[in-house]
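K.L.:
Attaching a single structure in C-alpha cells format; questions to follow.
Bear in mind that the values in this text are calculations on the coordinates, not laboratory data. Quick caveat: nothing in here was measured; it's all calculated off a predicted structure. Here the Cβ is made from the backbone with ideal geometry for all residues, glycine too, and neighbour counts use every protein chain on show.
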Amino acid sequence: MNIYDVFDILDGDAETVLARFAGNEGLWKRFAGKFSDDETFQRLNTSIDSQDYKGIEMYAHTLKGVAANLGFEQLSRDAASIVSAAREQEFEKVPALFNVLAKEYNKVLECVGRLD
C-alpha cells in the first residue's frame with residue numbers, strides 16, 4: 001500500500017499532504033510510521049478514564065495537531081470535537097466522542113501498518 005492508497009481509504013488528499021513534506025513520500029512514511037509509537041492517544045484515554053479534564057483537552061489538542069500535520073483529517077476533526085467538548089465543559093459528551101475517535105485512530109493505524 002502506498003500513500004495514495006492510504007488517502008483513498010482515509011478520504012484524504014495525498015497531494016496536499018506530500019506538499020507539506022516537500023514532496024518527499026519517504027519522509028511522510030517515516031513520520032507516519034512513528035505515529036503508532038506516539039503515546040498521545042493512550043494518554044488521552046487515561047485522562048478520560050481518570051476524568052482529568054485538563055489532560056483531556058491537552059492530549060486531544062495534541063492529537064488533533066499531529067493528525068492534521070500527517071494528513072489524517074478525519075482523525076483531526078474527531079480530536080477537535082473532544083477539544084471543543086472539554087473547553088465547553090461538556091464532559092458527559094467525551095466518552096462517546098472518544099469512541100468515534102478510537103475507531104478512526106484504529107483505521108489510521110491499520111492503513112499506516114500496511115504501507116510499503
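K.L.:
Using the Karplus curve 6.51 cos²θ - 1.76 cosθ + 1.60 with θ = phi - 60°, what ³J(HN,Hα) values do you get for each residue of the stretch 9-25, in whole Hz, with x for Gly and Pro?
P.N.:
5, 8, 6, x, 10, 4, 5, 5, 5, 4, 4, 5, 10, 6, x, 9, 4
K.L.:
Another one. For the chain, what is the mean residue ellipticity at 222 nm derived from helices alone (per DSSP H run of n ≥ 4: -39500 (n - 2.57); sum divided by total residues; nearest 500 deg cm²/dmol)?
P.N.:
Details: 7 runs with 88 residues, N = 116.
Estimated from H runs of four or more residues: -24000 deg cm²/dmol.
K.L.:
What list of ³J(HN,Hα) couplings, whole Hz, do you get for the stretch 99-111 from phi and the Karplus terms 6.51, -1.76, 1.60, once you set θ to phi - 60° and write x for glycine and proline?
P.N.:
4, 5, 4, 4, 5, 5, 4, 5, 4, 4, 4, 4, 5
K.L.:
Measure nothing but the geometry: give the 0 to 90° angle between the long axis through the Cα atoms of 40-49 and the longest principal axis through the Cα atoms of the chain, rounded to 10°.
P.N.:
20
K.L.:
Now a separate question. Using a Gaussian network for the chain with springs between C-alpha atoms less than 10 Å apart, which of these wobbles most: 100, 17, 83?
P.N.:
100
K.L.:
Then there's this: Considering the chain as a Gaussian network with a 10 Å cut-off on Cα pairs, which listed residue, 20, 30, 77, attains the greatest mean-square fluctuation?
P.N.:
30
K.L.:
Which angle from 0 to 90°, rounded to the nearest 10, does the C-alpha axis of helix 53-70 make with the longest principal axis of the chain?
P.N.:
Compared with the principal axis, the helix lies near 10 degrees.
K.L.:
Rounded to whole Å and sorted largest first, list the principal axis extents of the Cα atoms in the chain.
P.N.:
Projected onto the principal axes, the Cα atoms of the chain cover 40, 21, 19 Å.
K.L.:
Can you tell me the length gained on complete extension of the stretch residue 69 to residue 99, counting 0.36 nm per residue apart and subtracting the Cα distance? Before the final figure, lay out each step's value.
P.N.:
On the way: separation 30, 0.36 × 30 = 10.80 nm, distance 2.21 nm.
Roughly 8.6 nm would be gained on extension.
K.L.:
Add +1 for every Lys or Arg and -1 for every Asp or Glu among the other residues with Cβ under 15 Å from the Cβ of residue 85, and state the total. Numbers along the way, then the final one.
P.N.:
Numbers: positive: 54, 64, 77, 87, 93; negative: 52, 57, 78, 88, 90, 92.
Neighbourhood net charge equals -1.
K.L.:
Just subtract the alpha-carbon distance of residue 92 and residue 15 from 0.36 nm times their residue separation and send over the number in nm, one decimal. Write down the numbers at each step before the final one.
P.N.:
Values: separation 77, 0.36 × 77 = 27.72 nm, distance 3.79 nm.
Extending this stretch completely gives an extra 23.9 nm.
K.L.:
Run the numbers for residue 8 and residue 77: contour at 0.36 nm per residue of separation, minus the present Cα-Cα distance, in nm.
P.N.:
On the way: separation 69, 0.36 × 69 = 24.84 nm, distance 1.75 nm.
Gain on extension, residue 8 to residue 77, equals 23.1 nm.
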